[in-house]
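So the structure is just underneath, and the comments pick up after that.
Values quoted throughout were computed directly from the atomic coordinates according to the rules given, and no laboratory measurement underlies them. Bear in mind that the values here come from a model prediction, so they are computed numbers and not experimental data. No Cβ is skipped: glycine too gets one built from the backbone with ideal geometry, and neighbour counts run over all protein chains shown.
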Amino acid sequence: MTRGVQIAYVLAILALLAAPIVVIAGVSLNGQQSLRFPPQELSLRWYGALFGAADWMGPLRNSLVIAATSALLAVTVALPLALHVWSRDTWVSRALYTLGVAPFMLPPVISALGFLVFWVSAGLYGQIWATIISHGVFLVTLPLVTISLGLAGIDRTLVEAARTMGATQGQILRTVILPLIVPYMISGYAFAFVLSLNEYIIAYMVAGFTVETLPIKIFNSLRYGYTPIMGVVSVMFIALAVLVFGLIGKFGNLPRLLGADRIGD
Amino acid sequence: MSAPPEKTTPGWLAALPAAWLAVFFLIPFAIMLSVSVAHRVPGGFFEPGFEMGSYLRFVSVFFGQILLTSILFSAAAAVICVTLAFPFTVILTRLSGRAQTVVLVVLLAVLSLSEVIIGFALSTLLSQTAGVGNLLAWLGLIEQSRAFTPSFFALLVGMCYLGLPYAVLVLYPPVSRLDPELGEAARMMGAAPFTAFRTVTVPLLRTPIFGALILVFVFTLGVYLLPQVLGRPQHWTLSVHITDQAIFQSNLPFAAAMAVLLLLVSLAMVGLTLLLGRGARA
């Protein structure tokens, strides 16, 4: 394969991935309530309509609250877990790490049903807290993986030096280790936030009828007919994801975060 | 991982996450197991009990078809995704760090998109008034624009759309660790680029490729919305039926039994990739 063919192949795949997004972005610009592409009578009225529509603002608020708090929970649980796994290599720490990675490796419908029967048994089915905690558990994998990567990159001589100079365990943690892994905590939070925002099946199973999130709202609306407003919401989701991952890419080392060893050496 | 300095953190630090995951992850699974053998109360939830009725329903033509549908769709999607993703990933890892970052941002953005949005976007793309139908009609390939959804084809496209970015990200670490000079060496010794790719790159990465096939298979087994949006009822997969039984048929025991089956299949598959990885390192 020559260089040109290779680049063309990559661009073709990216174009295929972009095609549905381009179409819904176009659809969101329709002047009338129809899903035509190319759009007709170009207008931004559906963007304005979204923020005037009470039935969309409620789910938007729910989604933001759930994503912000559940991502925080995920990082809070992942940080001590990652530190523990990093500082000792025992079967307990390995088992804990596996437990932290498991929710994300399995088909989400399994966890969703587990959470459903759990919250029914606990009598909290249908509460927003049930959704927040379920998301927090489901997404713990992401900060766990990013923080572990950050810890793996710490030069152990730094820690040794601090110890030699008389720093206590707590001081080393606060003044050496934490500052070095803060960027990884932030990217873990960002990953969890974006995925919580987009998550459907767990939110639906745990509290779908009382706490409507944006994905649930979109799916419910699909049954009653398509409107360009769904295109608007989709465009916002895509823009947010590109913004968040773009920022991580700009200020962090995305290839390394995703497992490439030889970038940025 | 770097060799960690001994005991940088106090031992009790692990108690919080351990307790948290035990309560909110292990207990839900235990309850799910007990529900799968509980007695169904029609119209309500369930009452405690021990009966295998829900599991016995697996032995039926109806259920056999669901299982077969799920496996066929996921297997087809896994093969298509990895076939497309492998050369993509090899080329990607040879780009500059900056270009790789841009492509990775696009892949992550697509991968994080809600299945609801992907379903909506693809059904719009494949509808009569927008996208593919119009394009083909405009090109004169078909007389009049038509819808391509719901159909077997639409659902398979949807699953591949979900699985492709995932396949690339699963392949990315092992491929990026591969020494590009090996391919160069093969070419210097006179191998055509494609021959070098086929005889050097692919065999070296046989284990990661197989692992990616399994992981994409498990990943697409979890698809629960696309079959409802892009497929017909006979295309409903196990995940759709689990949701349907739990929410709309109010049959939690049967839903739980199907979830346990899906869990066992997924665990077995993921375990297989771990064993493969260990075998490759040894």
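Going by average Cβ neighbours within 10 Å, how do the peptides B:25-32, A:190-197 rank, with the highest at the top? Before the final figure, lay out the partial values.
Details: B:25-32: 19.1, A:190-197: 25.5.
Result, highest mean first: A:190-197, B:25-32.
Peptide A:72-80 is shielded by partner chain Cβ atoms: per residue, an average of 3 of them sit within 10 Å of its Cβ.
Can you bin the stretch A:1-80 into rounded, prolate or oblate? Criterion: square roots of the alpha carbon gyration tensor eigenvalues sorted a ≥ b ≥ c, rounded for a/c under 1.5, prolate for a/b above b/c, oblate for the rest. Intermediate results must be reported in sequence, preceding the final value.
Values: a/c = 4.94, a/b = 1.10, b/c = 4.48.
Cα axes put the stretch A:1-80 in the oblate bin.
Scanning chain B for DSSP H helices at least 27 Å long along the axis (C-alpha atoms) with a Kyte-Doolittle mean no lower than -1.0 picks out B:61-93, B:152-177, B:252-281. Segment residue A:16..residue A:156, full-extension length gain: 45.9 nm, with 0.36 nm per residue of separation and the alpha-carbon distance subtracted. If you sort the three axes of the alpha carbon gyration tensor as a ≥ b ≥ c, you get a/c of 1.5 or more for the stretch A:169-252 and a/b no higher than b/c, which makes it oblate.
Roughly how far apart, in whole Å, are the Cα centres of the stretch A:147-184 and the stretch A:1-49? The two parts, judged by their Cα centres, are 46 Å apart. Under 17 Å from a label point set 7 Å out along the Cα-to-Cβ vector of residue B:51, the amide N atoms of the stretch B:249-272 belong to B:250-258. Can you give the FRET efficiency for residue B:136 and residue A:40, using 1/(1 + (r/R0)^6), R0 = 25 Å, r = Cβ-Cβ distance, to the nearest 0.05? Once the sixth-power term is evaluated, E becomes 0.80.
By the Kirkwood approach, averaging reciprocal distances over each pair of separate Cα atoms, chain A gets a hydrodynamic radius of 21.1 Å.
Relative contact order for chain B: what percent, with Cα pairs under 8 Å and sequence separation of 6 or more? Intermediate results must be reported in sequence, preceding the final value.
Numbers: 303 pairs, mean separation 75.8, N = 282.
It rounds to 27 percent for chain B.
Modelled spin-label separation between residue B:26 and residue B:12, with each label point placed 7 Å from Cα along the Cα-to-Cβ direction: 2.1 nm.
Taking a quarter of the surface of the Cα convex hull of the protein assembly as shown gives a mean projected area of 28.2 nm². Under the simplified labelling scheme, the residue A:51-residue B:181 pair shows an inter-label distance of 5.7 nm, with each label point 7 Å from Cα along Cα→Cβ. In degrees between 0 and 90, to the nearest 10, how far off the longest principal axis of chain A does helix A:3-27 point, with axes built from Cα atoms? The answer is roughly 50 degrees.
Using only Cα atoms, tell me the angle between helix A:128-138 and the longest principal axis of chain A; keep it within 0 to 90° and round to the nearest 10. Compared with the principal axis, the helix lies near 60 degrees. Give, as ranges by residue number, the residues of the stretch B:244-275 whose backbone N falls under 18 Å from the point 7 Å along Cα→Cβ of residue B:65. So the set is B:244-245. Taking a ≥ b ≥ c as the square roots of the eigenvalues of the alpha-carbon gyration tensor, chain B is classed oblate because a/c is 1.5 or more while a/b is no larger than b/c. Looking at the stretch A:3-141, the pairs of alpha carbons with a distance over 26 Å make up 55% of the total.
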